[in-house]
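Throughout, read-outs are computed from the coordinates displayed, never taken from laboratory work. All values reported here derive from a predicted model rather than from experimental measurement. Glycine also receives a Cβ, built like all others from the backbone with ideal geometry; neighbour counts cover every protein chain displayed.
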Amino acid sequence: MSSAFASSRTNGSEIVKELAFFAVVALLMSVMILGVETVDRPTGLELAVRWDLVLLAIGSTVVGRLALIIRRESISRLVQAVLITITAVAVFEMFVRFRDMDDRWASPVSFDMALSSAVSSVVALAFIAIVFAIAYFSMKEKGVVEVEESEKLSSKIQLAYRSNTKKIGLVGIIFFIIFPFIFGENRSAIDLATLVMIYIMLGWGLNIVVGLAGLLDLGYVAFYAVGAYSYALLSQNFDLSFWLCLPLAGIFAASFGIILGFPVLRLRGDYLAIVTLGFGEIIRVVLINWYDLTGGPDGISSIERPSFFGLADFSRRVPEGTIGFNELFGMEYSSMHRLIFLYYLILALALVTNFVTMRLRKLPIGRAWEALREDEIACRSLGINPTNTKLSAFAIGAMFGGFAGAFFATRQGFISPESFTFLESAVILAIVVLGGMGSQIGVVLAAIVMIGFPEMFRELAEYRMLIFGAGIVAIMLWRPRGLLSFRDPTILLNMSQKEKVAGELK
Amino acid sequence: MSMLKIEGVHTFYGNIEALKGIDMEVNEGEIVTLIGANGAGKTTLLMTCCGSPQASKGRILFEGKDISRMPMHEICNLGIQQSPEGRRIFPRMSVYENLQMGAITQDPKHFNSDLEMVFDLFPRLKERINQRAGTMSGGEQQMLAIGRSLMGRPRLLLLDEPSLGLAPLVVKQIFETVQKINRENKVTVFLVEQNAFHALKLAHRGYVMVNGNITLSGTGAELLANPEVRAAYLEGGH
């Protein structure tokens, strides 16, 4: 069987050549990253050379590659599984040495660890057994069949996702609603969830402009800033409450959206991106330099926190004439109340954004946005006014950015231009693109990946950004159009759900 | 009375004069075709009627109203619909959504009857109702483009090269449908074509365009018999 699938590559010298090539690549990549280390000695910083790590890197690469060659040529499952297990152990050894060991030529840590006690040797054996089993059983006799099967699997997943979008969305909403009940006492979990939710909302807002209307906006953070500063300034100078300022912030941001929209009506693609980028920077520079109004780089501090819909206050010592939230509900005072309230507030705002977007997609205006993204000339020939359509997309997208900004200001209690740099725009845009342009659930996934994961793995320090970057590259390699990148028709006729999806996939 | 009257229209792309004073008219209930070689200015004339680019000199009257200075989307709302060159359907939308887009400026109460009408003309579209438009064949996409413009309830339908890139059998089918649209739905048709033989056979009247000028006009049969037209557009090619 196996010989039937063997290609010309099986010949020995070619394999040696390939292995040598990968050894050189591994050497080049590892020698600077793993091979050289700065050590703090009494005499000052010195360079130390770690050849053991380089050797391990090269060794695991070559062995791993050999395993892949054997897999490709369908030679022997057993040999392949053994090689993969050796690679896994070598990589493990490399990581342990890299983190903990100074001694260059000590005996392998893995053995020491495995032999130190009965339990650890059992764990080590179990680890090896698991790796071996995965490697052994993941290989099919015929390489060709496997490819087809994996394709089938991915389309099956797609099918399952697309015929259950509503259910998945509902489960997601329920999860986010009960989230504070699960993690109620864990302050950092609530904080992180709130942060992720802000980005989900911003992602959904930008999705209207970029995903639906196809207008590449690199300055979205400007509207976020306008919303935040609107609330901060209105509440400080005119003593207006959060609940009054929230719609005002949205209106201000929307009018800035229209102001941006007018000059860029005739631009598309790269040109539009540059102008919107400039717009975002203008807003930031104005915020920095208009010292009298915005406080410049000092920002605005002690911004008023929101009350419980004007009924009650979350502070420990409530001001005269108002009652505390805990008194209103007859509970013990807890500082978590406000955080959880803020979480629910941004959840509600985000859900409103989502709901409005979903509704708009079914209305003529939302359809006109999508049509405009696909073909502007066709749109005009159908009697759609492109000016109004683009401006409405900018305005509505900006409005949700403004809401999110007002929320950000009231949550932080302090804002400064530093919170509204281009990096923020880039992150929001990345969320939309990674999620799959126009996909609402995709934005949620991407926000969790982009914001949640780096925060969750803060202990990994600088490595998290490395892993993060690799993750983004991986997503773009495997799903170049984003995590959930397909557009489902907003309406389907005379078909069962399964048929619809299947027909779409064809 | 003429439905569309073009009087001395000049159109420029920058410094290049694409239309050099065009006079022509389309009467109510007619199929009028405009034939000519590549780059003669046929599509430019059709697009000028729609307001993009706008005529720099001359007038375009639609039912007696000057539309030469109106923006494209307003012209289209007067009852002129065009099926643009290269079809320009929305590829990521379903057939049904494309047809909805065609009716986007219309009163929703007409939608169902108009949809029936389009499906009667193009039964194939009904079969493909939920399919993504970009995944259909060229002929089906052309049917969709025409169907979409019919959803806008036009009194004047402008068709730009509906035969472009289609198999002869499909071309024949499309032209038959155009005739049906004209006769049964009482839609006046202005057809721009390179496929002179089919277009002239179908049309009541025709114009021949060369380098931005109208050089010949007459009934379809007259032009078909005209030796110049035969030499330039018919013989050798078909």
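So how long is each side of the stretch A:217-302 along the principal axes, counting just the alpha-carbon atoms, biggest first, in Å?
Here the spans come out as 41, 26, 14 Å, largest first.
In nanometres, what is the gap between the two model label sites at B:L164 and A:S116, each 7 Å from Cα along Cα-to-Cβ?
About 7.3 nm, to one decimal.
Just add up the charged neighbours of A:L202: K/R +1, D/E -1, any other residue whose Cβ is under 13 Å from the Cβ of A:L202.
-2
Given 10 Å bins starting at zero, what is the percent of C-alpha pairs of the stretch A:2-141 in each, up to the one with the largest pair distance?
Going from the shortest bin to the longest, the percentages are 11, 32, 31, 19, 6, 1, 0.
For chain B, set up a GNM with springs between Cα atoms under 10 Å and report which of B:A225, B:A196, B:A133 has the largest fluctuation.
B:A225
Any idea what diffusion coefficient the stretch B:106-238 gets from Stokes-Einstein, in µm²/s, Kirkwood Rh on alpha carbon pairs, 25 °C, 0.890 mPa s?
152
Of A:L27, A:V171, A:A118, which is farthest towards the positive pole of the protein assembly as shown's charge dipole, taken about the Cα centre with +1 and -1 on the beta-carbons of Lys, Arg and Asp, Glu respectively?
It is A:V171, whose Cα lies furthest towards the positive end.
Between A:E14 and A:E320, what length in nm is gained on full extension when 0.36 nm per residue of separation is reduced by their alpha carbon distance?
Gain in length upon complete extension: 101.7 nm.
Under a point spin-label approximation (7 Å from Cα along Cα-to-Cβ), what is the A:S302-A:F137 distance to one decimal in nm?
Result: 6.5 nm between the two label points.
So how compact is the stretch B:1-76: Cα radius of gyration and Dmax in angstrom?
In order Rg, Dmax, the Cα atoms of the stretch B:1-76 give 11.9, 37 Å.
Taking only Cα atoms, what is the 0 to 90° angle, nearest 10, from helix A:269-289's long axis to the longest principal axis of chain A?
With rounding to tens, the tilt is 60 degrees.
Can you pull the percent of Cα pairs in the stretch A:186-481 with separation above 32 Å?
That fraction is 28 percent.
Would you mind calculating the relative contact order of the stretch A:186-481 from Cα pairs under 8 angstrom and at least 6 residues apart, reporting the percent as a whole number?
That works out to 37 percent.
For the stretch B:1-147, what ratio Rg/Rh do Cα atoms give with a Kirkwood hydrodynamic radius?
1.01
Using a Förster radius of 56 Å, what is the FRET efficiency between A:A126 and B:Q106 based on their Cβ-Cβ separation? Nearest 0.05, please.
E(calc), rounded to 0.05, equals 0.20.
Given Cα pairs under 8 Å that are at least 6 residues apart, what percent is the relative contact order of the stretch A:304-367?
17
In the protein assembly as shown, what % of DSSP beta bridges are antiparallel (nearest 5)?
The antiparallel fraction comes to roughly 60 percent.
Which residue, B:C50, B:V210, B:Q142, has the largest displacement toward the positive end of the dipole of chain B when charges sit on each Cβ (Lys, Arg +1; Asp, Glu -1)?
B:Q142
Rounded to the nearest angstrom and ordered from largest down, what semi-axes does the equivalent ellipsoid of chain A get from its C-alpha gyration tensor (root of 5λ)?
Rounded to whole Å, the semi-axes are 48, 32, 24.
Rounding to the nearest 10 and keeping the result within 0 to 90°, find how far the Cα-based axis of helix B:168-184 lies from the longest principal axis of chain B.
For helix B:168-184, the angle is close to 90 degrees.
About the Cα centre of chain B, what is the dipole size in debye to 20, counting +1 per Lys and Arg Cβ and -1 per Asp and Glu Cβ, all else neutral?
Dipole size: approximately 360 debye.
Treating the beta-carbon of each Lys and Arg as +1 and of each Asp and Glu as -1, no other charges, what is the dipole magnitude of the protein assembly as shown about its Cα centre, to the nearest 20 debye?
Magnitude of the dipole: close to 1600 debye.
Can you give me the long-range amide H partners of A:G324? Hydrogens built in the peptide plane at 1.01 Å from N, cutoff under 5 Å, separation of 5 or more residues or another chain.
Hits under the 5 Å cutoff: A:D313.
With r defined as the distance between the Cβ atoms of B:A37 and B:S137 and R0 fixed at 25 Å, what FRET efficiency is calculated, to the nearest 0.05?
The pair B:A37/B:S137 has a calculated efficiency of 0.35.
Given a cut-off of 15 Å, what percent of all Cα-Cα pairs of the stretch B:164-238 lie beyond it?
57
Where the Cα atoms of the stretch A:241-378 are projected onto their three principal axes, how long is each span, largest first, in whole Å?
Taking max minus min along each principal axis of the Cα atoms, the stretch A:241-378 gives 62, 42, 21 Å.
Which residue, A:I300, A:A368, A:V209, has the largest displacement toward the positive end of the dipole of the stretch A:186-481 when charges sit on each Cβ (Lys, Arg +1; Asp, Glu -1)?
So the residue we want is A:A368.
Let me check I've understood the local charge: for B:V208, count other residues with C-beta under 12 angstrom from its C-beta, Lys and Arg +1, Asp and Glu -1. What total comes out?
That works out to 0.
How far is it, in nm, from the label point at B:T219 to the one at A:L159 when both lie 7 Å from their Cα along the line to the Cβ?
Placing both labels 7 Å along Cα→Cβ, they lie 6.0 nm apart.
So what is the relative contact order for chain A, in percent, with contacts set as C-alpha pairs under 8 Å and at least six apart?
Across chain A, relative contact order equals 18 percent.
Say a site is exposed when it is one of the GluC sites (Glu not before Pro), sits in a DSSP loop, and has at most 16 other Cβ atoms within 10 Å; what is then the longest site-free stretch of chain A?
Longest stretch, sites excluded: A:1-140.
Set the Förster radius R0 to 51 Å, insert the Cβ-Cβ distance between A:F414 and B:E127 as r into 1/(1 + (r/R0)^6), and round the FRET efficiency to 0.05.
That gives a FRET efficiency of 0.25.
Mind listing the phi-derived Karplus ³J(HN,Hα) values for the stretch A:381-393, rounded to whole Hz, using 6.51, -1.76 and 1.60 with θ = phi - 60°, and x for any glycine or proline?
Each residue of the stretch A:381-393 in turn: 6, 9, x, 8, 7, x, 4, 4, 5, 5, 4, 5, 5 Hz.
In the stretch A:317-352, whose amide N lies under 20 Å from the spot 7 Å out along Cα-to-Cβ of A:I178? List them in ranges.
Once the point is set 7 Å along Cα→Cβ of A:I178, A:340-341, A:343-345, A:347-348, A:351 turn out to lie under 20 Å by backbone N, inside the stretch A:317-352.
Dipole size in debye (nearest 20) for the stretch A:2-141 around its Cα centre, Lys and Arg Cβ +1, Asp and Glu Cβ -1?
540
Taking only Cα atoms of the stretch A:327-409, what ratio of Rg to Rh do you get with Rh as the Kirkwood inverse-distance radius?
Taking Rg over the Kirkwood Rh, I get 1.24.
How charged is the neighbourhood of A:G257? Take every other residue with its Cβ under 15 Å from the Cβ of A:G257, and add Lys/Arg as +1 and Asp/Glu as -1.
0
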